[in-house]
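The values are calculated or read from the model by the stated rules, or taken from the named source; none is laboratory data. Just so it is clear, the model here is predicted, and its values are computed rather than measured. Note that we place each Cβ from the backbone using ideal geometry, even for glycine, and neighbour counts take in every protein chain shown. The protein model used for the area step is the full one, side chains on, heavy atoms only, and it has no ligands, DNA or RNA in it. Shrake-Rupley method; radii C 1.70, N 1.55, O 1.52, S 1.80 Å.
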Amino acid sequence: MMLIVTGVGFLIHVYSIGYMHDDDGFWKFFAYLNLFIFSMLLLVMGDNFLMLFFGWEGVGLCSYLLIGFWYTNKEFGKAARKAFIMNRIGDLGLLIGIFVIYQIFGSINFSEIFAALPNIRLEAGVVTLICLLLFIGAMGKSAQIPLYTWLPDAMAGPTPVSALIHAATMVTAGVYLVARCHPLYNLSPDAMHFVALIGVITCIFAAIIGLRQNDIKKVLAYSTVSQLGLMFVALGMGAYASAIFHVTTHAFFKALLFLAAGSVIHGMGGEQDIRNMGGLRKAMPVTFWVFLIGTFAIAGFPLMAGFFSKDEIFAFTFAHGGGWWWGFAGLGAMFTAIYMCRLLYVTFFGEFRGTHEQAHHLHESPKVMTIPLIILAVLSIAGGFLNTPHFLHLGNEQWLAHWFSSVIPLNEMHLEASTEWTLMIFTTSLAVVIIIITYFIYGKKSNLPVADTAQSSLTRLVANKFYVDEIYDFLFVRPVEKLSKMFHYYVDIQGIDGIVNGVGAGMQRLGAQFRKLQNGNIEYYLLGMVAGVVLLMLTMWA
């Protein structure tokens, strides 16, 4: 995780020099970016839950600062606030889970907790409760249903921020947390089934939404949500090393895709709608080739990084979950190949559909941006060879899994080589067929994503993300806002302010009455003195 955070993070820093060079907040941007990297390193390097939680909250704060970096845009500010609040919901679950762990184990150190597990008798319900509370934190940070809607809106930030959040930091924290706490999860099959269930639902649901998005960054955002779901499927099946392997390969090709998308946006003068692009492979050849590599890697094209990590997850899912789990996970992967190829072909093939001004502005990005893209493209090709399967006999079988073996148990997968070959050939053939078919659908100008007004009701439903944001707004945001307004008026203004202002007004009125005694007339003063003397004498005689 440290290598991913610093390695990919370094390339994003270099890329940002070219991408943000004209921005007024250049120095502030890099300050936030470095604080982000620091917080993520604190999260993964801490040997206890307290240090992990400090890093956990740090990346949440930095995401707020970076998503809302261009704060003069009101919508960007709302997106930053949304990310911050939704992460706090998940963080509350994590915090309660840490409290429960300390109450039971008397410690928050990973090594002490895991060492005590064989010697302590815990009820299954208690372990399940701890695992579910920790997973609630992971759901918020890694954008799983129902706490996923903040991640697509996080596209409001500069593109390097999107790459950093989606590839190297933050969203991978939830996967890291579950994998790091695998001794606890191994004791609760119910919690693991729940993790796998949430993962597979998120994987398919986000992939379906991605099929009809036209913002180049929104497509990649829903792709990230879907891929994270696939990682949680692996975690739920006990394939912890496979999940971290996919985190690694995903960091390579997703950072590549986001930075390449940023190169497209940079070349198009800020345009993000793929319907206004087309034919960019001629004007931006380097960006096209690296985007092609990233697309093929995430789609599972043979021998690319995503091919090996996805195949390992599918094989383990088939071995431990059965055909239904394998089929649902494969369905999400199939949708991934479709929407990513659609994105590639609509953006780079056909004829240019933008304005004349955009065509005049169109250019390849500078080397400070393209060199990191090329490095990530190489990693997206070669990254899969870190953990090749046994039956291929390539000489480095399960190298990464063995390297993890001191902290993560090796995947125990009992499948015949013929079965693994069959699964691999089927999924690979499906990916290749999708790549070819989508070219004939979207590779020509006559087959563009249609405008929303011409869509069928089902297509419009998908394009509008199943109206989940609107549902959340109706069920939660508006009632809370109305409740806050009611509290503001009745409790704050009428109650607290009323008491404070009432005391002040009462003192003013009382002072006004006493002020009448000080009218400057000496007769009244003498009368008051006489009355006082009389009262004093009566008191003494009594």
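So the values come out like this:
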| item | result |
| --- | --- |
| Heavy-atom accessible area order for Lys217, Lys367, Lys465, largest first, 1.4 Å probe | Lys367, Lys465, Lys217 |
| Per-pair calculated FRET efficiency, R0 = 41 Å: Leu35 and Asn501 via Cβ, rounded to 0.05 | 0.45 |
| Structure-derived volume of the Cα convex hull per residue in Å³: which label, when the choices are [x] 222; [y] 159; [z] 236 | [z] |
| Stretch gain in nm, segment Val14-Glu416, where the contour uses 0.36 nm per residue and the Cα spacing is subtracted | 140.2 nm |
| Net lengthening on full extension, Ala359/Leu117 (0.36 nm per residue, minus Cα-Cα) | 80.8 nm |
| Helix 26-45 axis, angle to the chain major axis (alpha carbon atoms, nearest 10°) | 80 |
| Sequence-separation-based contact order of the chain, relative, with Cα cut under 8 Å and 6+ spacing, percent | 14 |
| Angle between the chain longest axis and helix 285-299 axis [Cα atoms, degrees, rounded to 10] | 90 |
| With every protein chain in place, region 299-400: carbon and sulfur % of accessible area (1.4 Å) | 71 |
| Aspartates and glutamates with Cα under 20 Å of Lys82, excluding same-chain neighbours fewer than 8 positions away | Glu57, Asp91, Asp153, Asp215, Asp469, Glu470, Asp473, Glu481 |
| Cα-based helix-to-principal-axis angle, 216-236 vs the chain, degrees rounded to 10 | 80 |
| Residues listed by number, region 361-382, amide nitrogen under 12 Å from Phe26 label point at 7 Å toward C-beta | none |
| Computed accessible area, Ile338, all protein chains, 1.4 angstrom probe, square angstrom | 50 |
| Scattering curve values for region 265-379, log₁₀ I(q)/I(0), Debye with Cα scatterers, q = 0.21 Å⁻¹ | -1.10 |
| Chain lengthening between Ile441 and Ile104 when straightened (0.36 nm per residue, less Cα-Cα) | 115.5 nm |
| Accessible-area ranking of Arg180, Arg81, Arg121, Arg515, largest first, probe 1.4 Å | Arg121, Arg515, Arg81, Arg180 |
| Estimated FRET transfer efficiency when R0 is 51 angstrom, pair Tyr489-Ser456 (beta carbons, to 0.05) | 0.65 |
| Distance in nm between pseudo-label sites at Phe466 and His402 (7 Å out along the Cβ direction from Cα) | 4.3 |
| Residues in region 300-316 that a label on Phe385 would reach, taking backbone N under 13 Å of a point 7 Å out along Cα→Cβ | 303-305 |
